[in-house]
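Remarks on the structure that follows.
The values are calculated or read from the model by the stated rules, or taken from the named source; none is laboratory data. Worth saying up front: this structure is predicted, and the values here are computed from it rather than measured. Cβ placement follows ideal geometry from the backbone for every residue including glycine, while neighbour counts extend to all protein chains displayed.
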Ligand SMILES: Cc1cc2nc3c(=O)[nH]c(=O)nc-3n(C[C@H](O)[C@H](O)[C@H](O)COP(=O)(O)O)c2cc1C
């Protein structure tokens, strides 16, 4: 603390961080990590051959490597490794943690700490004594664990509004899902316009942020939706929206005779949760020429134990209309087709009771 106050300007000249964060001025992610090393070749061997980082360039005084998305730089210097708790943690897969420990021990790499916190870890030193950690999990799993077992004095910002929060009992909770992430997507525009037209007794939520979901892997721990809601907001919103819906209405384009990959990734996330089991679903096809994607989607959603409400499926030739802000929308035929579809969904959900 004393060191900080000696180097910082007087407090009145410092813009409070809270003020900076209110605007758009915020760092986005770790850009690169530079580690001072005494012997570039030796450290390159450690980070590349032992830890599996990828080498991109090397020169007399340094090297560029990568670990996943992380740009790692080794730079020759006289290292003075931290002797406090400062350390660099790399992500490893859960099934590999024992193999990592064995590999490091076999290579006589010193271990500097035993793990005592949530998520498996192996703590080792690099050739210059820099403190490293190989860790399973991420901020989401750590924060979810804090909600179960809070640290002393824990404070966390309030949880964002949950999908369908505040919806009155008896209202049909309908989730509108557009399977395209294209900025000017017709399917997305259609769902926007549908959501903007209130239907008495129907509460709608929309989801189309499939480009902001992490890549699904069965190896990753699947936390309950509310844990995700705070820490991986879009994944949390997706799982919670599906879980909270009485029925899900999909409109998805056809890509190369199948489903868009980002959308399929979103569906794979549902397979790992119970959110879609016995969930009534409806498909709208906004491109009558395309039928492969619709057939595949019905098969996939049924395989995921969803319940097709085929009587409410619609093929609507409205692509251009829905995408154009000037068009009078919907035309009477489309309006009637959608109204009858929503009635069928309401009937089916009323007949089967609450989910
Ligand atoms: C990568 C790609 C592949 C496509 N493949 C097909 C296809 O196999 N069959 C088809 O009828 N349309 C295909 N299309 C056309 C899209 O289905 C059409 O542009 C649709 O309107 C896109 O939906 P969106 O406006 O919601 O993004 C493809 C488009 C893209 C970008």
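Summary of computed values
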item: Near pairs, Cβ below 6 angstrom, 6+ apart or cross-chain, from segment 184-208 (under 23 Å from residue 233 (Cβ atoms) and touching a residue at least 24 places away in the same chain (Cβ under 8 Å)) to any residue that is more than 15 Å from the ligand (Cβ to nearest atom) and part of a strand (DSSP E or B); result: 203/173; 204/174; 205/175
item: Residue satisfying all of: in segment 144-189; in a loop (DSSP other than H, G, I, E, B) and within 16 Å of the ligand (Cβ to nearest atom); surrounded by the fewest Cβ atoms within 10 Å (Cβ to Cβ) among these; result: 183
item: Any hit, segment 250-266, residues being more than 16 Å from the ligand (Cβ to nearest atom) and in contact with a strand residue (DSSP E or B) (Cβ under 9 Å, 6 or more places away or on another chain); result: no
item: Qualifying positions in segment 299-316 - closer than 20 Å to residue 187 by Cα and touching a strand residue (DSSP E or B) at 6+ places or on another chain (Cβ under 9 Å); result: 301, 308, 309, 310, 312, 313, 314, 315, 316
item: Flag for residue 240 being at pLDDT below 95 and either at positive phi or within 16 Å of the ligand (Cβ to nearest atom) (or both); result: no
